[in-house]
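The block underneath contains the structure these notes are about, expressed in structure tokens.
The values are calculated or read from the model by the stated rules, or taken from the named source; none is laboratory data. Fair warning: this is a prediction, and the values are worked out from it, not measured in the lab. Cβ placement follows ideal geometry from the backbone for every residue including glycine, while neighbour counts extend to all protein chains displayed. Surface areas here come from the heavy atoms of the whole protein model, side chains and all, with no ligands, DNA or RNA. Shrake-Rupley method; radii C 1.70, N 1.55, O 1.52, S 1.80 Å.
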Amino acid sequence: DKRSELIGKLSSLSNVVAITGDIHASYAGTPWVNDDPTKKIVELVGASISSATFKSLLTSQVAADPVLSAIPGAAALALAIDGLFKAAGVNPHLGFADSTKNGFVVVDVSAKEIVADYYRIKEEEVAKDHSGDKQADLDALFEIATFKTVAGANELYMKQADDSFKKWNPTTGMYE
């Protein structure tokens, strides 16, 4: 398919990182050529800042569609979208999925590495007036997930609670 062909061409180049967005969710992973996980790139996907999240759009679509809303379990599936994306074997290249929060990504690029900080905020907080909030209160509204990739490699690493970085292992579905 075309996706696999494009990733194959990109993976033959060094230091390719796709930084994307506009799908109303935060994702990070290492998409690869169909049936060849050695031909891969790193992909960082940023969420929407203020528009509806992917989960909200999906649940609204199910509720508004007379056919979808009549299907038993359709609403529950929409609510569980991240769990479905991350279920064992479904998207092994996907190292991170958050379809429930708004936010933005700050990317720091150097000759040695790319580090991306995902700032994520609950959707219901976006429309609230926080203009009088103290900085510490504003900071507390955000969850931060940090990812990196190093020059010359096509691996995804996630920052852990102890400030170390662990590499995404698509075989185990864990950072190790």
**OP:** Only one of these is in contact with a strand residue (DSSP E or B) (Cβ under 9 Å, 6 or more places away or on another chain) and among the β-branched types (Val, Ile, Thr): Val62, Val42, Val67, Val90. Name it.
**Re:** Val42
Subject >> Single residue of segment 78-124 satisfying the filter (touching a helix residue (DSSP H, G or I) at 6+ places or on another chain (Cβ under 7 Å) and among the hydroxyl-bearing types (Ser, Thr, Tyr)) that is farthest from Leu138 (Cα to Cα) >> reply: Ser99
**OP:** Give the residue, chosen from Ala111, Ala161, Ala151, that is within 26 Å of Lys39 (Cα to Cα) and open to solvent by 60 Å² or more (accessible area, probe 1.4 Å).
**Re:** Ala111
**OP:** Starting from residues that are open to solvent by less than 30 Å² (accessible area, probe 1.4 Å) and polar (S, T, N, Q), keep the ones in segment 12-50 and report whichever is farthest from Ala153 (Cα to Cα).
**Re:** Ser48
Original post:
Is at least one residue of segment 110-125 part of a helix (DSSP H, G or I), in contact with a strand residue (DSSP E or B) (Cβ under 6 Å, 6 or more places away or on another chain), touching a residue at least 24 places away in the same chain (Cβ under 8 Å) and under 22 Å from Asp22 (Cα atoms)?
Top reply: yes
Original post:
Given Lys86, Lys128, which one is open to solvent by 40 Å² or more (accessible area, probe 1.4 Å), free of Cβ contacts under 8 Å to residues at least 40 places away in the same chain and out of contact with any Cys (no Cβ under 6 Å at 6 or more places or on another chain)?
Top reply: Lys128
**OP:** With respect to Asp65, determine if the residue is open to solvent by 50 Å² or more (accessible area, probe 1.4 Å), more than 28 Å from Thr172 (Cα to Cα) and among the acidic types (Asp, Glu).
**Re:** no
**OP:** Look at Asn102 and say whether it is surrounded by 12 or more Cβ atoms within 10 Å (Cβ to Cβ), touching a residue at least 12 places away in the same chain (Cβ under 8 Å) and assigned to a loop (DSSP other than H, G, I, E, B).
**Re:** no
Subject >> Considering residues of segment 22-69 that are at pLDDT below 95 and out of contact with any helix residue (DSSP H, G or I) (no Cβ under 9 Å at 6 or more places or on another chain) only, the residue farthest from Lys9 (Cα to Cα) >> reply: Asp22
Original post:
Got at least one residue in segment 11-22 being acidic (Asp, Glu), in contact (Cβ under 8 Å) with a residue 12 or more places away in the chain and under 25 Å from Val106 (Cα atoms)?
Top reply: yes
